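Heads up, the thing below is written out as structure tokens.
The values are calculated or read from the model by the stated rules, or taken from the named source; none is laboratory data. Nothing here was measured: the structure is a model prediction, and the numbers come from that model. Ideal geometry is used to build each Cβ from the backbone, glycine not excepted, and the neighbour counts take in all protein chains shown. These accessible areas exclude ligands, DNA and RNA; they are computed on the full protein's heavy atoms, side chains included. Shrake-Rupley method; radii C 1.70, N 1.55, O 1.52, S 1.80 Å.
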Amino acid sequence: MLYNLRTRIPYAILPVVVLTSVVLSLQVTNRLQYYIHPRYITFTTIFAFLALLMSLIYAFVYHPSPHKHKSSITPAQAIMYIVCAFALFIPATSISSDLAVTRSSPSVGSSPQASLYDSFSTDFSHFTIQDWASTFASKSVSQHLNGKTTSITGFLLSSEETYRLARFQLTCCAVDATPITVEIRDEQNRLQDLSDGTWLIIAGTSVINENEQYIAVENVEVVDEPSDPYIY
Amino acid sequence: MSVIHMSRITSRNDFTYRLFTTLALPVFFIILSVSVQQFSLELPNKIQDTITLTLGIVYEALPFVVLGVLLSAIVQAYLKTRDIEKILPKNRFLKKVSLASIGIFLPVCECGNVPLNRGLLAKGVKPADSLSFLLAAPIVSPITIITTLIAFSDPSVAVIRTLGGLSIALLISYAFSSKGEVLLTQKYQAFCDASKNQKPSTQNYKERMRALSRNFVTEINSLLPALITGSFLAGIIQTTVPRSALLYVSNQPIIAILVLLVLAFVVSICANVDAFFALALSAIFPMSAIIAFLLFGPLVDIKILSMLSTTYRKEVLVKMSAIAFLMSFIIALGAHYVI
């Protein structure tokens, strides 16, 4: 009554078990948000668990067939096994700044702008990169937001002589990520030694006039990529 | 020891062995994956981004596919053949509209509708009629309508999207309704023919769970390769074709519509949230192009075509895509002159 372990487990369940196990492990290690919007994480985790459960029920009652069927692997199945191997053996990472360059578009944020009441304050450290991008992109940019101190976090993007601080905004999953960018200018040229993709905390002052809108940099701090690199 | 006592020990050992070997598998993979996450691997950005985008689409689509497969497995396990046909109206038009309206009660995206559609086909729904459910369900889903209304304050966008999408779905369903046209792949047609002779499970709970799990694994193994292949192709295109290249042609209405139709096909984003993605593009593209994106995306994209290839013949998918493309273009162009 010795069972051969290789015949005990039906290979049919392996891709589902691998993918669902990886989803559960990403949830445990807080990295599922590198791939999907946080609003989907609970839903994805629950159904990954259900899929795993159904597969394990099948495996539990499985009895290997006495007749061995040799079936060839289709190209789609081969791709499936390769992608499952990627999921299992390659650590999760967020999308790189290279994609921000290929997806660059006029930044359009969807967050509300500062109210007239708020604008009496000089400290706008609560304003995020998304807030500034939305403000700068607005057709009716109010100059009473000029000269506000702020501190924003993002990764560096450079093109010719322009520097921008960027973060990806996710709607659904990584595939729809759109870069939200804000122009930054540093009179001390500290940014030229930094490579694209470097995460920074920029402390500075907003400059808004008829012709241009940017953040004048006062302090640059290089930081690690945050655990939640996207904005929503 | 008596024979009965020996067989009880054997049965308990067998149960324990089965339980251990079954649970060992996910525990092993979870521990392995958690361990891998503690390391970092420096890959070229393009390769890493392709992997991230591919897995992003897969993880986002997976719960909807699982939900659809579960519903499909329940339909196949518990419904008799022709049960669905019996409750549908006999009038051809009303039957198609009724099937299209099922989407109102299903908050799943197009990925989840594919396996459920397969379940309906296995239980006797005609292939041409099933297309009206498959294509309309993502658009008439309440979540899609609500998110469209939230993203675009002008209600005409949601109205054009819902009615336009429903019309295209019905048109495609009628386009394939001629007698004698074979729509399903040979393999799936054989599966449907075999299913029609199966009686629903009336056995005990254990047997029903066994049948349900078998249906689930069979169905998800049919769809997973297609979903992953489609996601992989979408990921590769996204990292090799710069999206910014498309944006330079945004100021010409007809070209803008064509560009967003192509983008909708490539980006493979779920209908439940594509309105917010389209909103970001509305600063650059005219509203007619946005409408084209909102119409075509839920109907046809790389990921869905890949999944549908498990069920419908390639000629059907090409014809269906062409009609959807053309009708989305016409409706969007019409909207350009009206809005």
Response to the item:
Checked B:218, B:144 against criteria (in contact (Cβ under 8 Å) with a residue 60 or more places away in the chain and either within 13 Å of chain A (Cβ to nearest Cβ) or at positive phi (or both)); the one match is B:144
Worksheet item: So residue B:233 clears everything in (1) crowded, with 24+ Cβ neighbours inside 10 Å; (2) in contact (Cβ under 8 Å) with a residue 60 or more places away in the chain; (3) closer than 30 Å to residue B:66 by Cβ except one condition, right? Which one?
Response: (1)
Worksheet entry | Segments classed as helices (runs of 4 or more DSSP H), wholly inside the range B:286-339, with at least 2 members that are touching a helix residue (DSSP H, G or I) at 6+ places or on another chain (Cβ under 9 Å) and aromatic (Phe, Trp, Tyr) | B:287-299, B:314-338
Discussion item. Could you list, ordered by first residue, the pairs with Cβ atoms under 7 Å in which the first is in the range B:288-314 and closer than 18 Å to residue B:172 by Cβ and the second is basic (Lys, Arg) and in a helix (DSSP H, G or I), at least 6 apart or interchain?
Written reply: B:294/B:161; B:295/B:161; B:311/B:118
Practice prompt. Would you be able to say whether some residue in the range A:216-223 is farther than 26 Å from residue B:279 by Cα, aliphatic (A, V, I, L, M) and open to solvent by 60 Å² or more (accessible area, probe 1.4 Å)?
Written response: yes
Worksheet item: residue B:122 passes all but one of (1) over 14 Å from residue B:99 (Cα atoms); (2) within 14 Å of another protein chain (Cβ to nearest Cβ); which number fails?
Response: (2)
Worksheet item: residue B:307 versus (1) within 13 Å of chain A (Cβ to nearest Cβ); (2) open to solvent by 10 Å² or more (accessible area, probe 1.4 Å): which is the lone unmet condition?
Response: (2)
Item to complete: For the range B:253-285, name all the residues that are touching a residue at least 24 places away in the same chain (Cβ under 8 Å), within 11 Å of chain A (Cβ to nearest Cβ) and part of a helix (DSSP H, G or I).
Response: B:263, B:266, B:267, B:274, B:275, B:276, B:278, B:279
Practice prompt. Would you please list the contacts, defined by Cβ atoms under 9 Å and residues six or more apart or on different chains, that run from a residue in the range A:209-232 that is under 17 Å from residue A:187 (Cβ atoms) to a residue that is assigned to a loop (DSSP other than H, G, I, E, B) and among the acidic types (Asp, Glu)?
Written response: A:216/A:186; A:216/A:187; A:217/A:186; A:217/A:187; A:218/A:186; A:220/A:186
Discussion item. Quick check on my filter: what residues within the range B:94-110 are farther than 13 Å from residue B:125 by Cα, open to solvent by 20 Å² or more (accessible area, probe 1.4 Å) and either without any contact (Cβ under 8 Å) to a residue 40 or more places away in the chain or not in a helix (DSSP H, G or I) (or both)?
Written reply: B:94, B:101, B:102, B:104, B:105, B:106, B:107
Worksheet item: Any chance the range A:196-204 includes a residue that's β-branched (Val, Ile, Thr), under 30 Å from residue A:32 (Cβ atoms) and touching a Leu at 6+ places or on another chain (Cβ under 9 Å)?
Response: yes
Item to complete: Confirm whether residue A:152 is modelled with pLDDT of 85 or more, crowded, with 16+ Cβ neighbours inside 10 Å, in contact with a helix residue (DSSP H, G or I) (Cβ under 7 Å, 6 or more places away or on another chain) and in a loop (DSSP other than H, G, I, E, B).
Response: no
Discussion item. So, restricting to helices (runs of 4 or more DSSP H) that lie completely within the range A:5-63, which ones have at least 2 residues that are at the interface with chain B (Cβ under 7 Å from one of its Cβ atoms) and either at pLDDT 95 or above or surrounded by 17 or more Cβ atoms within 10 Å (Cβ to Cβ) (or both)?
Written reply: A:14-28, A:41-61
Worksheet item: Would you pick out the residues in the range B:24-60 that are open to solvent by 20 Å² or more (accessible area, probe 1.4 Å), in a helix (DSSP H, G or I), facing chain A (nearest Cβ under 7 Å) and more than 23 Å from residue B:232 (Cβ to Cβ)?
Response: B:25, B:30, B:34
Discussion item. Suppose we filter the range B:111-131 for residues that are open to solvent by 20 Å² or more (accessible area, probe 1.4 Å) and part of a helix (DSSP H, G or I); how many remain?
Written reply: 1
